[in-house]
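Participant: Before we start, here is the structure in question, set down as structure tokens.
The values are calculated or read from the model by the stated rules, or taken from the named source; none is laboratory data. These figures come from a predicted structure and were not determined experimentally. Note that we place each Cβ from the backbone using ideal geometry, even for glycine, and neighbour counts take in every protein chain shown.
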Amino acid sequence: MKILAVGDIIGEVGLKKLKEILPKIKEEKHIDFVIVNGENVAGGMGITEKDFNSIIEAGANVVTLGNHTWAKKDVFKFINNEKLLRPANYPKGVLGNGYGIYKCKDKKIAVVNLIGRTNINILTENPFLEMDNIINKIKNSVDYIVLDFHAEATAEKMAMAYYLDGRVNIVFGTHTHVQTADERILPNGTAYITDIGMTGPKNSIIGMEIQASLKRFLTTLPEKYKLAEGEAIFNGCIFDINEDKGHIENIIRIKY
């Protein structure tokens, strides 16, 4: 089974690129299941129902979110959709689903969305302990467990991967928008990559217009971020699972 994870979709430029590339990759690479992080698709922050539907129509099976989950009020209309996941370690009682279980080729795939706490100014529960709770609930009823860990710090992402090594099949990072070249299979069989990158404007600073971003660093004054335009890149990662043995056979980074 081949699972494709696509990096953070940035604005309309990223969504257009997703629509262009995803159907081709699914056909050429024989992809069975697709996870797309969509938390930046609506103007660079958040997601609307229209954008969510567009991502699903492009070929995604599930859309994950992150620290900009609530950036658009529109999200409350569809946050409980089973194909949309927000971080599971938001406080108890918050609307939405932190994980979902999906059928694919006679297998059950659990996809979990978590948010990190290091250098992210959001009040959340401990992601490590929340993942323990989820695994205990689902481990006997699913075939594969995949985690999108939306986090800032590389160390926190790595710590999560080693903490879960052998208990989940895949841990991939999102949020920093830069694809890392550290894909590996950990000692107990879990596939890991620190960040799968972004799908959005190529000539940008993590998707944002260069001059507006530079002004923030040069002057220390507040400057509204602006989405960059022009040529787009598509980032993601394919995880190839041996269906008979249940282990990861290969990890392939994707960059168009």
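Participant: Any residue that is within 28 Å of Val168 (Cβ to Cβ) and either out of contact with any Lys or Arg (no Cβ under 7 Å at 6 or more places or on another chain) or surrounded by fewer than 18 Cβ atoms within 10 Å (Cβ to Cβ) (or both) - is there at least one of those in the stretch 214-233?
Facilitator: Within the stretch 214-233, none of the residues are within 28 Å of Val168 (Cβ to Cβ) and either out of contact with any Lys or Arg (no Cβ under 7 Å at 6 or more places or on another chain) or surrounded by fewer than 18 Cβ atoms within 10 Å (Cβ to Cβ) (or both).
Participant: Just need a number here: residues in the stretch 1-10 that are surrounded by fewer than 24 Cβ atoms within 10 Å (Cβ to Cβ) and outside any loop (DSSP other than H, G, I, E, B). Write out each step before concluding.
Facilitator: Step one: of the stretch 1-10, the residues surrounded by fewer than 24 Cβ atoms within 10 Å (Cβ to Cβ) are 1-2.
From the residues that got through so far, the ones that are outside any loop (DSSP other than H, G, I, E, B) too are 2.
Going through the stretch 1-10 one residue at a time, the tally reaches 1.
Participant: Can you tell me how many residues in the stretch 200-224 are under 22 Å from the mean Cα position of the chain (by Cα) and either of a type in the set (A, V, I, L, M) or within 12 Å of Cys237 (Cβ to Cβ) (or both)?
Facilitator: In the first step, residues of the stretch 200-224 are kept if they are under 22 Å from the mean Cα position of the chain (by Cα); the result is 200-208.
Still in the running and either of a type in the set (A, V, I, L, M) or within 12 Å of Cys237 (Cβ to Cβ) (or both): 205-206, 208.
Qualifying residue count, the stretch 200-224: 3.
Participant: Something else about it: Suppose we filter the stretch 99-157 for residues that are assigned to a loop (DSSP other than H, G, I, E, B), loosely packed, with under 14 Cβ neighbours inside 10 Å and among the polar types (S, T, N, Q); how many remain?
Facilitator: Residues of the stretch 99-157 assigned to a loop (DSSP other than H, G, I, E, B): 105-106, 116-126, 139-143, 151-153.
Those still in the list that are loosely packed, with under 14 Cβ neighbours inside 10 Å too: 105-106, 118-119, 121, 123, 126, 139-141.
Going one step further and asking which of them are among the polar types (S, T, N, Q), we end up with 118-119, 121, 126, 140-141.
Counting residues in the stretch 99-157 that are assigned to a loop (DSSP other than H, G, I, E, B), loosely packed, with under 14 Cβ neighbours inside 10 Å and among the polar types (S, T, N, Q) gives 6.
Participant: Then there's this: Considering only residues that are part of a helix (DSSP H, G or I) and buried (at least 24 other Cβ atoms within 10 Å of the Cβ), which ones fall in the stretch 18-48?
Facilitator: Step one: of the stretch 18-48, the residues part of a helix (DSSP H, G or I) are 18-28.
Once the filter is applied, which keeps residues that are part of a helix (DSSP H, G or I) and buried (at least 24 other Cβ atoms within 10 Å of the Cβ), the stretch 18-48 yields only Leu18.
Participant: For the stretch 57-77, give me each residue that is more than 19 Å from Thr124 (Cβ to Cβ), touching a strand residue (DSSP E or B) at 6+ places or on another chain (Cβ under 7 Å) and among the aliphatic types (A, V, I, L, M).
Facilitator: Ala60, Val62, Val63
Participant: Okay, moving on. Could you identify the single residue in Lys72, Lys83 that is surrounded by fewer than 20 Cβ atoms within 10 Å (Cβ to Cβ), touching a helix residue (DSSP H, G or I) at 6+ places or on another chain (Cβ under 8 Å) and of a type in the set (Lys, Arg)? Let's see the steps before the verdict.
Facilitator: Values: Lys72 fails: touching a helix residue (DSSP H, G or I) at 6+ places or on another chain (Cβ under 8 Å).
None of the other options fit; the residue is Lys83.
Participant: Just need a number here: residues in the stretch 214-256 that are among the hydroxyl-bearing types (Ser, Thr, Tyr) and at pLDDT below 90. Before the answer, list the steps.
Facilitator: As a first pass, look at the stretch 214-256 and keep what is among the hydroxyl-bearing types (Ser, Thr, Tyr): 219-220, 225, 256.
This time we only want the ones that are at pLDDT below 90, so: 220, 225.
The total comes to 2.
Participant: Of the numbered conditions (1) in contact with a Phe, Trp or Tyr (Cβ under 6 Å, 6 or more places away or on another chain); (2) more than 19 Å from Glu12 (Cβ to Cβ), Lys103 satisfies every one except a single condition; which is it?
Facilitator: Every listed condition holds for Lys103 apart from (1).
Participant: So for the stretch 163-178 (the condition being crowded, with 23+ Cβ neighbours inside 10 Å and of a type in the set (Ser, Thr, Tyr)), does at least one residue qualify?
Facilitator: Our first condition is that a residue be crowded, with 23+ Cβ neighbours inside 10 Å; within the stretch 163-178, this holds for 164, 168-175.
Next, from what is left, pick out any that are of a type in the set (Ser, Thr, Tyr): 174.
Yes - at least one qualifying residue is present in the stretch 163-178.
Participant: Test each condition in (1) outside any helix (DSSP H, G or I); (2) surrounded by fewer than 23 Cβ atoms within 10 Å (Cβ to Cβ); (3) β-branched (Val, Ile, Thr); (4) within 16 Å of the chain's Cα centre (by Cα) for Val94 and report the one that comes out false.
Facilitator: Condition (4) is where Val94 drops out.
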